[in-house]
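The values are calculated or read from the model by the stated rules, or taken from the named source; none is laboratory data. What you are looking at is a predicted structure, and each value in this text was computed from that prediction instead of being measured. Ideal geometry is used to build each Cβ from the backbone, glycine not excepted, and the neighbour counts take in all protein chains shown.
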Amino acid sequence: MTIIKISGDKQPYKPPEPVVGGELPAKDPLGHLDDEDLAGGLPIAIAVRKPGKARRCAGLAPLLLFLSCGIITVGLISGFYLWYNSYGGRRGICSVTYREGEKMGLFHENIHLPNDDTELIEVPQLGKWQRSRVIHQFSVRKTMIKDLDNDKCYVMDLDENLVKPPTSVWELIVKIRRGDYFPQEDVIRRTMRIERGPLSLPELRSFGPWIFGACETLPTYTLVNVDEADRILDREPRDDDDDLLEDGDGFRKKRSIDVKFSGAYFGGSEQGIVETTIIEV
């Protein structure tokens with residue numbers, strides 16, 4: 001039997017240390033090849049990495065951002081268009097001094113001209129005249145008077161002799177602002193009577209979008225002029241008058257008159273302020 005003894009003074013085995021130094025590999029994997037090798041048709045393998053789902057999602061982000069910006073832009077343009085048609089356009093205050101007999105007064109009204117076809121007039125309460133909103137729609141040749149105290153609308157034919165178009169009204173407002181002109185007008189009185197109503201929505205829609213929008217939820221009536229030669233408010237009873245009724249004692253009396261509204265507006269003409277009294281007989 002052979003016995004191998006290991007001396008305790010012998011050092012344990014250590015692996016050799018790596019050699020430090022030498023040339024580092026080229027950054028270009030093809031740098032060690034000569035031009036002749038490349039030209040000689042040496043086969044070269046190139047790996048192409050396909051885009052993953054993350055890259056495809058990143059490519060959709062700009063598209064979604066572009067679509068969102070387009071939708072927001074369209075919404076802003078539509079909102080501005082609706083705002084302009086409802087609240088935009090030209091606005092001004094028309095002040096007129098008027099003479100009624102020996103009395104003088106100052107008449108104010110707020111005018112909104114959304115386009116060259118429509119006039120919206122806000123008239124405050126003044127003396128015996130009730131507050132009202134007036135719309136002149138030139139395309140359909142109609143005038144609407146809205147009784148703001150009783151929530152009723154009245155529609156009548158547009159009198160172009162008493163109401164000037166929006167362009168002329170705006171020129172008048174500009175002159176008043178500059179102080180070039182301050183109208184002094186008389187009061188023109190006219191009496192209208194209710195012809196028919198309340199109107200249906202299809203009938204009301206034929207008067208144009210502005211009148212329809214202002215009166216679609218309110219009872220609306222059409223008006224006709226009371227003939228000056230046969231004014232019910234001013235004439236005396238006659239024997240052949242169909243408007244006279246017999247009372248219980250056999251005496252004939254004039255049919256009762258119900259005044260529904262009394263208001264006024266200035267249409268920009270040189271004829272004066274129009275006082276409108278609406279009656280029902």
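Brief remarks on what is shown
- Residue that is nearest to the chain's Cα centre (by Cα), among those in segment 78-108 that are modelled with pLDDT under 80 and either loosely packed, with under 10 Cβ neighbours inside 10 Å or not in a helix (DSSP H, G or I) (or both): 88
- Number of residues in segment 169-183 that are assigned to a loop (DSSP other than H, G, I, E, B) and either under 14 Å from residue 120 (Cα atoms) or modelled with pLDDT of 85 or more (or both): the value is 0.
- Matching residues in segment 257-275 - criterion: being part of a strand (DSSP E or B), in contact (Cβ under 8 Å) with a residue 24 or more places away in the chain and out of contact with any Gly (no Cβ under 7 Å at 6 or more places or on another chain): 260, 261, 262, 263, 264, 265, 266, 268, 273, 275
- The C-beta contact set for segment 198-227 (first residue closer than 21 Å to residue 120 by Cα, second residue of a type in the set (Ser, Thr, Tyr) and in a loop (DSSP other than H, G, I, E, B), distance under 9 angstrom, 6+ apart or interchain) comprises 208/139; 212/206.
- Condition check for residue 146: basic (Lys, Arg) and out of contact with any Phe, Trp or Tyr (no Cβ under 7 Å at 6 or more places or on another chain): yes
- In this structure, residue 185 does satisfy being among the charged types (D, E, K, R) and buried (at least 17 other Cβ atoms within 10 Å of the Cβ).
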